[in-house]
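J.: This is the structure I have questions about; it appears just below.
None of the figures in this text is laboratory data; all of them are computed from the coordinates on show. Model, not experiment: these values are computed from the prediction.
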Amino acid sequence: MALDCLIENSKDGTLLVLIPEGEFVAGGSGSDEGGSSFKLKLPAYYLALHPVTNAQYARFLADRRPAASDLEKWILLDRDCFVRASGNGYEAYGDKEDHPVVQVSWFGAEAYGEWAGLRLPSELEWEKGARGVDGREYPWGNDWENGKRCRNDNNKGNETTCGVWSYPEGCSPHGMYQMSGNVWEWCEDWHESGAYNRYKSGDLTAPKSAGSRVLRGGSWRGGRAGSFRCANRDLNYPAGRDLNDGFRLARTL
């Protein structure tokens, strides 16, 4: 894995890897009703090494001190979430400080990105970070291997998420952790069912609006191999706060 261009974001400590400009193989089954793969070129950008953690999100909330209406819009702080109010601030708890934050909506992910001076990745940026340039099925290669390289329902036991540094054998060619498994990850884009057909034609314009936003990567709740493929696309309403949805961030070069 390549970690030769690693930087740290001063605001929140997010570690980001440079994804160089160039072509990669995108798409394939799962990206758009079984469409074929194709090559496209993206400019260089940075992508986070791992998803945003409970500890990071707690620091964000403590710093922002959101009104009750914003807090409810951003994250669901119930027993399935390991961020909670504490005194005059917030804290991560349950020995899950380094687990990815969950039950955060697209709005909550976007708000964190704005606070940190970063942004959500487009789904094409997410996909290139997950699979490298050679069109592989999973971040580690082309074989599912019964999911042993990522957190999923086949190996989680009685647990849910895992720490963001777990499963190093499942890292992507660019060095990203958990681009498959652990949590679904929000992307910037609206979900458009025909988007990849447009991308294949060379039109990389992001969808303007739709009912749902894109999620990528699969989670601890699923065990079906296809859900964890780099080309697989999922969606949720931007206000959705689900116990297997999280996010990672990107930065424009």
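J.: Post the alpha-carbon centroid distance, the range 178-227 to the range 112-155, in whole angstrom.
T.: Measuring centre to centre over Cα atoms gives 11 Å.
J.: For the Cα atoms of the chain, what angle does the longest principal axis make with the long axis of helix 106-116, in degrees from 0 to 90, nearest 10?
T.: The answer is roughly 80 degrees.
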